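K.L.:
I have a structure here, written as structure tokens, and I will follow up with some questions on it.
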Amino acid sequence: MIVNINGRDLLASPEETLLQVARRNGIAIPTLCEHAGLEPWGGCRLCVVEMTRGAGPARVVPSCLQPAEDGLRVETHTPRILRIRSVLLDLLLARAPEARRIQDLALEHGVKRTSFVPRTDPDKCILCSLCVRACAAVGTQALGTAGRGAAGRISLPFGDDASACVGCGACALSCPTGAIEMVDRGSERRIWGRTFQRLRCPSCGAPTLTREHAAHLAARSRLPPESFGPCERCRREQASRQFLELVGK
Amino acid sequence: MNATAEPTCDLTKLDPILARYPAERRSLVMVLQDAQKVYQYLPRPALERIAEALKVPRSHVYHLATFYKAFSLEPRGRHICTICLGTACHVRGARRLVEHVERRAGIQAGRTTPDLQLTLETVNCVGACALGPVVIVDGEYIGSATTTKLDKVLKRILPGAAEEQQA
Amino acid sequence: MTRRITDAAHLERLRAELQAARDPARKAIAVCAGTGCVAYGSRKLAIAFRDAVAARQLDVEVRATGCHGFCERGPLVVVFPSRVFYQRVQVGDVEEILDRTVARGEVIDRLLYADPTTGRKYVHEDEVPFYAHQHRLILGFNGKIDPESLDDYIANGGYRALARTLTSLLPEQVIEAVTKAGLRGRGGAGFPTGRKWALCRQALGNPKYVVCNADEGDPGAFMDRSVLEGNPHGVIEGMILGAYAIGAREGYVYVRNEYPLAVERLSLAVAAARARGLLGNNILGRDFSFDIQITRGAGAFVCGEETALIGSVEGNRGQPRFRPPYPAQSGLWGKPTVINNVETWVNVPWILDRGADWFAGIGTAGSKGTKIFSLVGKVNNTGLVEVPMGATLRHIVFDIGGGIRDGRAFKAVQTGGPSGGCLPAEMLDLPIDYESLTAAGSMMGSGGMIVMDDRTCMVDVARYFIDFLLEESCGKCVPCREGLTQMSHLLHAITEGRATDETLAALETLAPVVQDASLCALGQTAPNPVLSTIRYFRDEYLAHIRDRRCPAAVCKSLITYSINDQCTGCMVCARQCPEHAITGERKKLHRIDPAKCTRCGICLSVCKFDAVDVR
């Protein structure tokens, strides 16, 4: 099928979203709550575009979720869209004024400081829920949003129950604003009020996964825990060596 | 959190509730509603047990319970005063009634008095709009509520409220 | 009698038996037992009637019915067969009613409804202007039947549509009828019901589901509650017909947690229907099985949005999802699902019984049938009103509603709940249909209609709705969560006298972004009350901003309370004032200290001499 984006006719397949088609063709659309490894969420709304079907009116839709359809005409940077993005970033700046990523994105859209009332006692969290979704996808669903609406807060169950956390760090690593504190010192990792011990790579001795994370992966994959021992660099070296041995002989 | 100590939770009360519904995620909201009816709120141990029984992560139960206003994770008072803040009641001055009870009881809406006598709640429309402003005390509807009508009811519930009125 | 009804012929025999056993000349007393009248003590009233009838060994049926609609005048009693209509009936009136009206046909003057402006009294229910101007198709059942009696429903024609449909129509023909009738969703959006059903029937996936959205969350709206409490079988029959049309075996009714009586009546009705074989396997002996489960909401307005409702039924937080896919294609547990509002469902048996053409004959070109509104606020006759689509706002507010109470002036009528808008006097002749309301900046919504007078501040109303939606926002998307947070700040600034022209400009910049970029209808329509009040009442906004004045004398920061010379010095207000701001000796003019006064309004409400001024 053919989707027209910003005047260019582009090939698209039915399982693709407008965002995927755009990105595949080098058209940049900003996102905040999107992650290639997770299902699209559609919460930040930065990825909105104007979409027209036939003779109908232009509608504002999130490109991360809108499926490609034959004959769609899409505009990614109209004045209406740009105004929406700059207002959204202005709003986010009021919510998390210290978040570097928001400051940068806002500046890119012409917003130097927020024109709105800043949140009292703000933290860096923009409630994009990437941490919650990442933990649910690859971790143990140890996190969630307590409360709802603007009063929502990312939290552990009951605010203090970190028993399900395996210290994998997916939450901290997926957070776009650095709102989750994870401190690695030597083989110790501290996150969500718990201290974890990280295993060490049998080859080079670098700290790798936490014990609990390795056990979690072993349970999910039915591979033995030792499979998760080597660090990534050593694993690649090992795989390359094996490959060379295979073809060299 | 609470100044008063949480009484220990009798988890056996959950057994008939859990037996009533299939042990899956879709039963969660109904299980929580029945549990709240039995305990008057949702104690932490009960939530943990429910998560286990329905085979969902604790986080799912906790974060769902905090999403819905019907659920209270803190002990509620022996008496519940619910004031409707729906539009019809609002234009008939419901806000003033809330402020009045807040003053009399010494608590903000959504909270419970320290002696666990009264919980004051607001709700966004109980569907009795023609009688606005509507106040529900312990399940009894008071239509066309006034501060005077409320004082009569509060006199029975709040110690010291009677003296305050005469001051 | 709980014998299973084996087939359509059996149902008709049963119906004939029930009708034959009911003597239309038999004396009966219908006591309204909707939530409103129950709050006024009608349950005790019904018991008093029953006891008195038993004590005197009279052959008089006492029936507790669903909401009659004229809630302003409850408790309501209708005496049959004469249909004398009594309002504000107390337990103390029971004996007199039995002695005079039931026994001797005498009318008790003081219990009759009197027009507040003319003083004229009306004797019979259908003469009372509130009812006379309505077209009570759906609500008509509420006054007639005992909602806890399946026999009553059958005797009045209930389940006849189902019997005819199951014996002589194909599912596709049911969809055709609903489409031809022009029924549109009564929950707010007005999507053509037939088209939704057709899409669902065509969708791939099994099992399919039908859902009744009874999460009536619009503040000021209680139509669905009254239908569920007063005629639960009407909803059930509609759902069975819908399930037959799309090929579903299971249905859910999602009822607001705040409606315990509706849940109770619906549960009883479902159990009764099941016991008689109208729900369950092989309904009326046909190869069609369907059953209903009742599930409750838990205090989240957003769950009225269909995808959030689906999430809630599945056992998740009530957060909306992007559409497509639409629930008709992928809904509950990813299966094709038809979700319709209570009022939509209850219209379906009428269409299948009387025919699509008959239904399409009511209403306007684009909006067919009747619509139930909850008429509340500053109007004389508050209650439930049912009119054909196309009736004007003026007809509802003045002819049925009896005009503004306390002789004050009409200022605006708000329709569509938090998603709608406020319409001023110039729009009173607007015919009510989906398109015209939307074009005027409001919307039909679920049917809440709130009348406002000159003592209502429109800026305060806008602020109220934004604060309501802010609290109910699920929080998933930035424009709603953060946009409403800031719109609330801006509106508070205006009502608290801290605003400038920039404040209004900021509101007007934010509003279209929230409309365009929000994920679901809660956010998309949230700016409507703000935009419509700015459109029609801009001067009022400017008064707050530039003059620091609230013309309706509502916004606390901008008003002063003072005592005028009607004061008799009774000291009641001084005693009640929580801030001790009132000074004055007995029999001498009192004075309010403006520095201490918090404008709580208590002195105004306790003063019996109209001596408190608010400006």
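The values are calculated or read from the model by the stated rules, or taken from the named source; none is laboratory data. What you are looking at is a predicted structure, and each value in this text was computed from that prediction instead of being measured. So basically every Cβ, Gly included, is an ideal-geometry build from the backbone, and we count neighbours across all protein chains shown. When the accessible area is computed, the model is the full protein with side chains, heavy atoms only, and any ligands, DNA or RNA have been set aside. Shrake-Rupley method; radii C 1.70, N 1.55, O 1.52, S 1.80 Å.
K.L.:
Among the residues of the stretch C:351-376 satisfying the criterion of being more than 30 Å from B:Thr87 (Cβ to Cβ) and in contact (Cβ under 8 Å) with a residue 60 or more places away in the chain, which is most open to solvent (accessible area, probe 1.4 Å)?
P.N.:
This residue is C:Asp357.
K.L.:
Which residue pairs have Cβ atoms under 7 Å apart, sit 6 or more places apart or on different chains, and have a first residue in the stretch C:538-562 that is farther than 28 Å from C:Cys573 by Cβ and a second that is open to solvent by 60 Å² or more (accessible area, probe 1.4 Å)?
P.N.:
Pairs that qualify, where the first residue is farther than 28 Å from C:Cys573 by Cβ and the partner is open to solvent by 60 Å² or more (accessible area, probe 1.4 Å), are C:Glu540/C:Pro551; C:Ala543/C:Arg549; C:Ala543/C:Pro551; C:Ile545/C:Thr500; C:Ile545/C:Asp501.
K.L.:
Here is a further query. What tally of residues in the stretch C:146-195 results from selecting those that are under 24 Å from C:Thr438 (Cα atoms), touching a residue at least 12 places away in the same chain (Cβ under 8 Å) and assigned to a loop (DSSP other than H, G, I, E, B)?
P.N.:
Counting residues in the stretch C:146-195 that are under 24 Å from C:Thr438 (Cα atoms), touching a residue at least 12 places away in the same chain (Cβ under 8 Å) and assigned to a loop (DSSP other than H, G, I, E, B) gives 8.
K.L.:
Name the residues in the stretch C:113-140 that are open to solvent by less than 10 Å² (accessible area, probe 1.4 Å) and either within 23 Å of C:Val60 (Cβ to Cβ) or in a helix (DSSP H, G or I) (or both), would you?
P.N.:
Result: C:Tyr113, C:Val128, C:Phe130.
K.L.:
Which fully enclosed helices (runs of 4 or more DSSP H) of the stretch C:220-306 have 1 or more residues being open to solvent by 10 Å² or more (accessible area, probe 1.4 Å)?
P.N.:
It comes to C:232-246, C:260-275.
K.L.:
If we scan the stretch B:82-92, do we find a residue that is in a helix (DSSP H, G or I) and open to solvent by 30 Å² or more (accessible area, probe 1.4 Å)?
P.N.:
No, the stretch B:82-92 contains no residue that is in a helix (DSSP H, G or I) and open to solvent by 30 Å² or more (accessible area, probe 1.4 Å).
K.L.:
Would you check if B:Leu64 is away from chain A (no Cβ under 14 Å), at pLDDT 90 or above, open to solvent by less than 40 Å² (accessible area, probe 1.4 Å) and assigned to a helix (DSSP H, G or I)?
P.N.:
It is false that B:Leu64 is away from chain A (no Cβ under 14 Å), at pLDDT 90 or above, open to solvent by less than 40 Å² (accessible area, probe 1.4 Å) and assigned to a helix (DSSP H, G or I).
K.L.:
What number goes with the only condition from (1) crowded, with 20+ Cβ neighbours inside 10 Å; (2) out of contact with any helix residue (DSSP H, G or I) (no Cβ under 7 Å at 6 or more places or on another chain) that A:Cys168 does not pass?
P.N.:
If we test A:Cys168 against (1) crowded, with 20+ Cβ neighbours inside 10 Å; (2) out of contact with any helix residue (DSSP H, G or I) (no Cβ under 7 Å at 6 or more places or on another chain), just (2) comes out false.
K.L.:
OK, next. Kindly evaluate C:Glu471 against the criterion of being crowded, with 24+ Cβ neighbours inside 10 Å, outside the structural domain of C:Val397 (by TED's automatic domain parsing) and not aliphatic (A, V, I, L, M).
P.N.:
Considered against the rule, which asks whether it is crowded, with 24+ Cβ neighbours inside 10 Å, outside the structural domain of C:Val397 (by TED's automatic domain parsing) and not aliphatic (A, V, I, L, M), C:Glu471 comes out as no.
K.L.:
If the Cβ limit is 7 Å and pairs must be 6+ apart or interchain, which residue in the stretch B:113-140 that is in contact (Cβ under 8 Å) with a residue 60 or more places away in the chain pairs with which residue that is charged (D, E, K, R)?
P.N.:
Cβ pairs passing all conditions: B:Leu116/B:Arg78.
K.L.:
Suppose the filter is β-branched (Val, Ile, Thr), at negative phi and not in a loop (DSSP other than H, G, I, E, B); does B:Val101 pass it?
P.N.:
Yes.
K.L.:
Would you tally the residues in the stretch C:377-416 being surrounded by 20 or more Cβ atoms within 10 Å (Cβ to Cβ), within 14 Å of chain B (Cβ to nearest Cβ) and of a type in the set (D, E, K, R)?
P.N.:
Matching residues across the stretch C:377-416 total 2.
K.L.:
Continuing with this model, one more query. Condition first: under 30 Å from the mean Cα position of the chain (by Cα) and surrounded by fewer than 16 Cβ atoms within 10 Å (Cβ to Cβ). Now tell me which residues in the stretch C:92-112 satisfy that.
P.N.:
C:Arg110
K.L.:
Looking at B:Arg96, B:Arg103, can you tell me which residue is at the interface with chain C (Cβ under 8 Å from one of its Cβ atoms) and under 25 Å from B:Phe71 (Cα atoms)?
P.N.:
B:Arg103
K.L.:
For the stretch C:121-160, enumerate the residues that are under 20 Å from C:Ser82 (Cβ atoms) and among the basic types (Lys, Arg).
P.N.:
C:Lys121, C:Arg136, C:Lys144
K.L.:
May I pose another question? Mind checking which residues of the stretch A:114-141 are free of Cβ contacts under 8 Å to residues at least 12 places away in the same chain and not in a loop (DSSP other than H, G, I, E, B)?
P.N.:
Of everything in the stretch A:114-141, just one residue is free of Cβ contacts under 8 Å to residues at least 12 places away in the same chain and not in a loop (DSSP other than H, G, I, E, B), namely A:Ala136.
K.L.:
Still on this structure: Output the helices (runs of 4 or more DSSP H) that fall wholly within the stretch C:509-568 and possess 1 or more residues being among the charged types (D, E, K, R), or say none.
P.N.:
In the stretch C:509-568, the matching helices (runs of 4 or more DSSP H) lie at C:527-536, C:538-546.
K.L.:
In addition: Filter the stretch C:442-496 for residues that are farther than 20 Å from C:Leu375 by Cβ, more than 8 Å from every other protein chain (Cβ to nearest Cβ) and touching a Gly at 6+ places or on another chain (Cβ under 6 Å) and give the result.
P.N.:
C:Cys480
K.L.:
Of (1) free of Cβ contacts under 8 Å to residues at least 60 places away in the same chain; (2) more than 11 Å from chain B (Cβ to nearest Cβ), C:Gln293 satisfies all except one. Which?
P.N.:
Going through (1) free of Cβ contacts under 8 Å to residues at least 60 places away in the same chain; (2) more than 11 Å from chain B (Cβ to nearest Cβ) one by one, C:Gln293 breaks only (2).
Every residue, every condition in (1) under 23 Å from C:Thr118 (Cβ atoms); (2) in the same structural domain as C:Ser226 (by TED's automatic domain parsing); (3) in contact (Cβ under 8 Å) with a residue 60 or more places away in the chain; (4) part of a loop (DSSP other than H, G, I, E, B), yes or no:
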| residue | (1), (2), (3), (4) |
| --- | --- |
| C:Val346 | no, yes, yes, no |
| C:Pro349 | no, yes, yes, no |
| C:Val387 | yes, no, yes, no |
| C:His395 | yes, no, yes, no |
| C:Pro418 | no, no, yes, no |
| C:Cys422 | no, no, yes, no |
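K.L.:
From A:Asp123, A:Asp160, A:Asp90, A:Asp104, grab the single residue that is within 14 Å of chain B (Cβ to nearest Cβ) and either more than 18 Å from A:Pro30 (Cα to Cα) or not β-branched (Val, Ile, Thr) (or both).
P.N.:
A:Asp160
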